[in-house]
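The structure appears right after this line, and notes come after that.
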Amino acid sequence: MDSIRKEYLGYYRQMLQIRNFEEKVLELLMQNIIDGGSHLYSGEEAVAVGACATLRKDDYIVSTHRGHGHCIARGTSIKEMMAELLGKRTGCCKGKGGSLHIADFSLGNLGANGIVGGGIPIATGAGISIVMRKTDQVVLCFFGDGAVNQGSFHESLNMAAIWKLPVIYICENNLYGMSAAVNRVFPIEDLVIRAQAYNMPGEIADGMDVLAVRQAVQRAVDRARRGEGPSFVECKTYRYHGHSRSDPRVYRTKEEEELWHKRDPIITFKERLLGEGIATADDLSEVEKDVVREIEEAVQFALDSPWPDPSELYEDLFS
Ligand SMILES: Cc1ncc(C[n+]2csc(CCOP(=O)(O)OP(=O)(O)O)c2C)c(N)n1
């Protein structure tokens, strides 16, 4: 019971860290303290946390343009992430990656990507390197529903299947690619059907339930570690905010938004922890307060940090 309690309180903390981080990022974007693009992950927390809970320290993840949640779930310092979003020298990419290209190689996070579907070949390449090095590491590859119609998706899944690469392709189906609803751009209801074309096991998970995501991804990870190749997991989820800061969300109804908010992954998990007697209200409020403090400290750290020096402009370039 104690280990389950610890584990579940950990998931609760990480989901709250992501939610509070994102809501703070929104505030900072609106005040133009954070410049440029930033795509928020609020609503989708259970996917990143449930999926990353299956990993070992030496495994890899590859993220998307909506990547803050993956970074937090993989354990990157919140302070360094906030500094990165503000473009500061103390950021996890020295202020040069920003929101869209945030990465943390020290934790096997090969990075977010501004190109839709751009991370899928990178994850597949990491899978090839694992096979060549003969280790039992795995790669979690996160992407949105929009990426499933990109050529990079099809080429990568085909290669991964024929070469039995240890990659878990995780589609975060939040029902929209910018303003395009999935039922307008796909002739199929469940995107996991695409895995059949590559003879790859596919599974649908409730992306609003951290334990359901963890279970589905765990089956795929176990399979990959046994050398049995790639899998596809479609997590049905929802993004609470617009695509980015300028999106008024006119393409979807308030009723639809309310329905998904009722299934909020953090509130439902909290109810579960209390209902099953795994944690007390005091335990949870302690975590909640702690996370609020942590985010405030991260903002202060980022604001107080120096800008990168112009002399560093050409450092850390790969070409
Ligand atoms: C190759 C490419 N085409 C178009 C864009 C513009 N774009 C940025 S995000 C996005 C929507 C992606 O939707 P999805 O993959 O479902 O991810 P979500 O934003 O829903 O998390 C588009 C079309 C881009 N960045 N790259």
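The values are calculated or read from the model by the stated rules, or taken from the named source; none is laboratory data. Computed from a prediction, not measured in an experiment: that's the story for all the values here. Backbone-built Cβ (ideal geometry, glycine too); neighbour counts: all protein chains shown. Please note that ligands, DNA and RNA were not included when accessible areas were found on the heavy atoms of the full protein model with its side chains. Shrake-Rupley method; radii C 1.70, N 1.55, O 1.52, S 1.80 Å.
In loop segments of region 181-266 as defined by DSSP, the chymotrypsin sites (Phe, Trp or Tyr not before Pro) with at most 15 further C-beta atoms inside 10 Å of their C-beta are 251. Candidate cross-link partners of residue 134 among the lysines, defined by an alpha-carbon separation under 28 Å and a same-chain spacing of 8 or more, comprise 57, 164. Does region 70-110 classify as rounded, prolate or oblate by the C-alpha gyration tensor (a ≥ b ≥ c root eigenvalues; a/c under 1.5 gives rounded; else a/b over b/c gives prolate, otherwise oblate)? In terms of gyration-tensor shape, prolate. The string of couplings for region 293-298 from the Karplus curve (6.51, -1.76, 1.60, θ = phi - 60°) is 4, 4, 5, 4, 4, 5 Hz, one whole number per residue in order, with x for Gly and Pro. Couplings 3J(HN,Hα) of region 8-21, computed from phi: 5, 5, x, 5, 4, 4, 5, 5, 5, 4, 5, 4, 5, 4 Hz, in residue order, whole Hz [Karplus 6.51 cos²θ - 1.76 cosθ + 1.60, θ = phi - 60°; x for Gly and Pro].
Most simply put, the chain has about 10% antiparallel DSSP beta bridges, counting only bridges with both residues inside it.
Among the lysines of region 196-319, pairs at least eight places apart or on separate chains and with Cα atoms under 15 Å apart come to 4.
State the percentage of accessible surface on region 1-91 attributable to carbon and sulfur atoms; use a 1.4 Å probe and exclude ligands, DNA and RNA.
Carbon and sulfur together cover 48 percent of it.
Each label was represented as a point 7 Å from its Cα along the Cα-to-Cβ direction; for residue 154 and residue 136 these points are 3.6 nm apart. If the segment from residue 178 to residue 56 were pulled out straight at 0.36 nm per residue, it would be longer than the present Cα-Cα gap by 40.6 nm. How far is the Cα center of region 1-36 from the Cα center of region 44-64, in Å? The distance from the Cα centre of region 1-36 to that of region 44-64 comes to 15 Å. Would you look at the GNM of the chain, springs on alpha carbons closer than 10 Å, and say which of 76, 54, 268 moves the most? Result for the chain, Cα springs under 10 Å: 268 fluctuates most.
By the rule of a C-alpha distance below 14 Å, with chain neighbours fewer than 8 residues away ignored, the aspartates and glutamates paired with residue 88 are 35, 80, 304, 309, 312. Taking the chain as a Gaussian network of alpha-carbon nodes connected by springs under 10 Å, the highest mean-square fluctuation of the residues 186, 269, 21 belongs to 186. Spin-label pair residue 23-residue 105: with each label point 7 Å from Cα along the Cα-Cβ axis, the two points sit 3.6 nm from one another.
With contributions of -39500 (n - 2.57) from each DSSP H run of at least four residues, the per-residue ellipticity at 222 nm computed over the chain stands at -14000 deg cm²/dmol. An ellipsoid equivalent to the chain, defined through the eigenvalues of its Cα gyration tensor, has semi-axes of 27, 25, 21 Å when rounded to whole angstrom and sorted largest first.
Could you please state how large a percent of the accessible area of region 169-231 is carbon and sulfur, counting protein chains only and using a 1.4 Å probe? Each step should come with its number before you reach the end.
Details: 1340 of 2860 Å².
With neighbouring chains kept in place, the figure for region 169-231 is 47 percent.
Which of the three applies to region 233-319, rounded, prolate or oblate, going by the alpha-carbon gyration tensor with a ≥ b ≥ c and a/c under 1.5 meaning rounded?
In terms of gyration-tensor shape, oblate.
Using the Karplus relation 6.51 cos²θ - 1.76 cosθ + 1.60 with θ = phi - 60°, the per-residue 3J(HN,Hα) values for region 78-83 come to 5, 4, 5, 5, 5, 4 Hz, with x marking Gly and Pro.
Centre-to-centre separation between the Cα atoms of region 79-105 and those of region 142-198: 28 Å. Apply 1/(1 + (r/R0)^6) to the Cβ-Cβ distance of residue 294 and residue 249, taking R0 = 30 Å, and write down the FRET efficiency to the nearest 0.05. Here the calculated transfer efficiency is 0.55.
If you roll a 1.4 Å probe over the heavy atoms of the protein chains, what accessible area per residue do you get for region 1-49, in Å²? Please report the intermediate quantities before stating the final value.
Details: 1950 Å² over 49 residues.
I get 40 Å² per residue for region 1-49.
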